[in-house]
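A.B. asks: This is the structure I have questions about; it appears just below.
The values are calculated or read from the model by the stated rules, or taken from the named source; none is laboratory data. Bear in mind the structure is a predicted one, so any value in this text is a computation, not a measurement. Quick reminder, even Gly has a Cβ in these numbers, built from the backbone with ideal geometry, and neighbours come from all protein chains shown.
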Amino acid sequence: MMRREFVKMAAASAAASGVAWPRAARGAAETARAAKSSAIRTNRAPFKLKYAPHFGMFRHHAGDDDVDQLKFAADEGFTAWEDNGMAGRSVEEQERFAKAMSDLGIAMGVFVVNMDTAWGATLSSGAADARDKFVAACRRAVDVAKRVNAKWMTVVPGTFTQRLSLDYQTANVIDCLRRGAEIFEPHGLVMVLEPLNPWRDHPNMFLTTIGQGYQVCRAVNSPACKILDDLYHQQITEGNLIPNIDRAWEEIAYFQVGDNPGRNEPTTGEINYRNVFAHIHNKGFTGIVGMEHGNSRGGKEGERAVIDAYRACDSFGG
């Protein structure tokens, strides 16, 4: 007989006979009741903002099955999810994830539109083949977005083109993005441009600052073209996070986070994410905040540290 079954039977017998329990038996029974009560509470309070983990972030708790990871995240109060590589998954996988997210009340965040060409000399070059590849990727992304109930998709314009003035490169990027906007806008979809830091992770990229992204989005002039403000990248590139959020607010549709240095969860570096999250929440942001970072520690302990960090930073306003 398992110990918990023995404790349960002993408790019933003692209650029926009116005999007082030994202290150890009473303690074991109380522990069993507490564990059962904890198991019944499958959902914690949702976070104030829609923080979006990604596959693998909680695998030590949830296991390797991706749907089980979605379930674990939902049970911890997360209401969004990201997967940069979603467009490269099979239709069957996409449909499986979409059903699970719908059942769990999880919103789909970004996936990358032009994963195959994002890191080459692409949109800034003005080359016809680069433009045609981008347009084809946008058309494919519409089908993926509809399949997984996504609204926002990341676009990386690619690298800086040598021997070509920045002004001409900017015009080339704008022309390509207008073509993409024509594809996405009728479907209510939004491509979000991600400025990347050139000093540590992505040297020689065309798009690096929020101001530059703001300029490009204003020129494209479409609700289907906005900014993805990755605060990890921007802390490295230019800092001044909250003032730049305010200046570009009309063109920002999505955030991603990671602390600096290390690109791990909030509270492990120099960024005051509690203040940043409070600021965008108070400005009325209702979109998704992608958790595009690693875990500072391994195993279940590290995963719990990630969740605790978001709870701490989401505690603004009481």
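A.B. asks: Can you tell me which residue within the stretch 292-318, out of those that are touching a strand residue (DSSP E or B) at 6+ places or on another chain (Cβ under 7 Å) and not polar (S, T, N, Q), is surrounded by the fewest Cβ atoms within 10 Å (Cβ to Cβ)?
C.D. replies: 294
A.B. asks: What number of residues in the stretch 275-311 are in contact with a helix residue (DSSP H, G or I) (Cβ under 7 Å, 6 or more places away or on another chain) and not in a loop (DSSP other than H, G, I, E, B)?
C.D. replies: 7
Residue-by-condition table, conditions (1) modelled with pLDDT under 95; (2) among the small types (Gly, Ala, Ser); (3) under 24 Å from residue 245 (Cα atoms):
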| site | (1), (2), (3) |
| --- | --- |
| 99 | no, no, no |
| 160 | yes, no, no |
| 167 | no, no, no |
| 189 | no, no, yes |
| 197 | no, no, yes |
| 211 | no, yes, yes |
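A.B. asks: For residues in the stretch 182-224 being of a type in the set (Gly, Ala, Ser) and either surrounded by fewer than 18 Cβ atoms within 10 Å (Cβ to Cβ) or out of contact with any strand residue (DSSP E or B) (no Cβ under 7 Å at 6 or more places or on another chain) (or both), which is nearest to residue 169 (Cα to Cα)?
C.D. replies: Looking at the filtered set, the residue picked out is 219.
A.B. asks: Can you tell me which residues in the stretch 152-181 are of a type in the set (Lys, Arg) and without any contact (Cβ under 8 Å) to a residue 40 or more places away in the chain?
C.D. replies: The one that is of a type in the set (Lys, Arg) and without any contact (Cβ under 8 Å) to a residue 40 or more places away in the chain: 163.
A.B. asks: Inspect all residues belonging to the stretch 104-111 and state whether any of them is part of a helix (DSSP H, G or I), in the same structural domain as residue 175 (by TED's automatic domain parsing) and either buried (at least 23 other Cβ atoms within 10 Å of the Cβ) or not charged (D, E, K, R) (or both).
C.D. replies: yes
A.B. asks: Does residue 218 satisfy the condition of being in a helix (DSSP H, G or I), in contact (Cβ under 8 Å) with a residue 40 or more places away in the chain and out of contact with any Cys (no Cβ under 7 Å at 6 or more places or on another chain)?
C.D. replies: So residue 218 fails the test.
A.B. asks: Something else about it: Checking the condition out of contact with any Gly (no Cβ under 6 Å at 6 or more places or on another chain) and at pLDDT 50 or above, which residue from 35, 73, 14, 39 passes?
C.D. replies: 73
A.B. asks: Let me ask something else about it. For residue 194, state whether it is among the acidic types (Asp, Glu) and more than 19 Å from residue 159 (Cα to Cα).
C.D. replies: Here the answer is no, as residue 194 does not meet what is asked.
A.B. asks: Among 307, 271, which is the only one that is assigned by TED's automatic domain parsing to the domain that holds residue 190 and farther than 25 Å from residue 247 by Cβ?
C.D. replies: Exactly one of 307, 271 is assigned by TED's automatic domain parsing to the domain that holds residue 190 and farther than 25 Å from residue 247 by Cβ, namely 307.
A.B. asks: Another question, then. Return the residues of the stretch 60-102 that are under 19 Å from residue 151 (Cβ atoms), among the acidic types (Asp, Glu) and not in a loop (DSSP other than H, G, I, E, B); say none if nothing qualifies.
C.D. replies: 82, 95 - these are the residues of the stretch 60-102 that are under 19 Å from residue 151 (Cβ atoms), among the acidic types (Asp, Glu) and not in a loop (DSSP other than H, G, I, E, B).
A.B. asks: Here's something else I'd like to know. Residues of the stretch 275-286 being under 18 Å from residue 52 (Cβ atoms), surrounded by fewer than 20 Cβ atoms within 10 Å (Cβ to Cβ) and without any contact (Cβ under 8 Å) to a residue 60 or more places away in the chain, which ones?
C.D. replies: none
A.B. asks: Does residue 289 satisfy being touching a Pro at 6+ places or on another chain (Cβ under 9 Å) and either surrounded by fewer than 21 Cβ atoms within 10 Å (Cβ to Cβ) or of a type in the set (Val, Ile, Thr) (or both)?
C.D. replies: No.
A.B. asks: Shifting gears a bit: Residue check, residue 121 against (1) modelled with pLDDT under 95; (2) in contact with a Lys or Arg (Cβ under 9 Å, 6 or more places away or on another chain); (3) of a type outside the set (Ser, Thr, Tyr), all met but one. Which one?
C.D. replies: If we test residue 121 against (1) modelled with pLDDT under 95; (2) in contact with a Lys or Arg (Cβ under 9 Å, 6 or more places away or on another chain); (3) of a type outside the set (Ser, Thr, Tyr), just (2) comes out false.
A.B. asks: Looking only at the stretch 155-173, which residues are in a helix (DSSP H, G or I) and either of a type outside the set (A, V, I, L, M, F, W, C) or crowded, with 21+ Cβ neighbours inside 10 Å (or both)?
C.D. replies: Listed by number, the residues that qualify are 167, 168, 169, 170, 172, 173.
A.B. asks: Just wondering, is there one or more residues in the stretch 254-274 that are out of contact with any Pro (no Cβ under 7 Å at 6 or more places or on another chain) and in a helix (DSSP H, G or I)?
C.D. replies: There is at least one residue in the stretch 254-274 that is out of contact with any Pro (no Cβ under 7 Å at 6 or more places or on another chain) and in a helix (DSSP H, G or I).
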